[in-house]
Amino acid sequence: MLAGSMKLRTFLLIATALMITFGVLAIKACKSGAKTDENGYVASAAPVASGSAPAPTPPPTPQPAVGSAGSGGSVMGSGATPTGDIDLPERPYDRVVISYRGRSIDSDRIKDATKGEAWKVSVYQDAGQSTVNRIKVDANRNNKWDDKITFDGDKVKLQHASKDDENYDEEYRWEGTGWRKKK
């Protein structure tokens with residue numbers, strides 16, 4: 001009789017230990033369900049302002065460009081021609097870039113925030129800044145920055161290297177659907 005009760009007690013201890021182990025593993029699986037990049041950022045989530053709830057959906061996926069980023073370094077985007085005040089139509093990565101305006105990141109930089117895309121976007125929040133204040137874009141992943149975007153309140157300034165040489169010789173302002181050249 002004593003041997004039988006010892007086996008039941010051992011069985012109950014093992015069963016309890018297994019239930020606790022599976023419970024802990026289930027909690028960890030729920031917490032780590034989102035895929036992260038090597039910097040520890042959620043790979044497909046939209047940037048989230050510090051202290052606010054996460055955005056329910058990621059930023060819209062830009063449409064592929066009709067043109068290409070050849071040696072000129074400029075990608076015209078959706079193929080639309082400039083009209084009115086727009087001198088440079090929205091490019092495939094512009095919505096991703098603009099989505100960081102007014103947002104905070106957990107470190108001073110996100111290197112290559114658009115892994116897997118034809119372009120590279122690096123996001124910066126400089127010391128003393130409460131939100132992202134600059135972004136650099138390599139439109140064709142040739143390790144030369146084509147664009148430098150600066151956020152200053154509601155203003156968005158684009159400095160563009162038209163020769164794909166990191167010499168920013170053109171300057172634009174964001175107009176909501178494209179860029180207007182600074183005169």
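What follows is calculated from the coordinates using simple rules that are stated; it is not laboratory data. None of the values given here were measured: they were computed from a predicted structure. When we count neighbours, we look across all protein chains shown, and the Cβ atoms used for this are built from the backbone with ideal geometry, even at glycine.
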If you filter the range 117-183 for GluC sites (Glu not before Pro), then keep DSSP loop positions with at most 11 other Cβ within 10 Å, what is left? none
Within the set of other residues whose C-beta is less than 13 Å from the C-beta of ASP154, count the net charge using Lys and Arg as +1 and Asp and Glu as -1. +2
Say the cut-off is 27 Å between C-alpha atoms; which of LYS115/LYS182; LYS7/LYS28; LYS136/LYS182 go over it? LYS115/LYS182; LYS7/LYS28
Ranked on Cβ counts within 10 Å of their own Cβ, fewest leading, TRP179, TRP119 go TRP119, TRP179
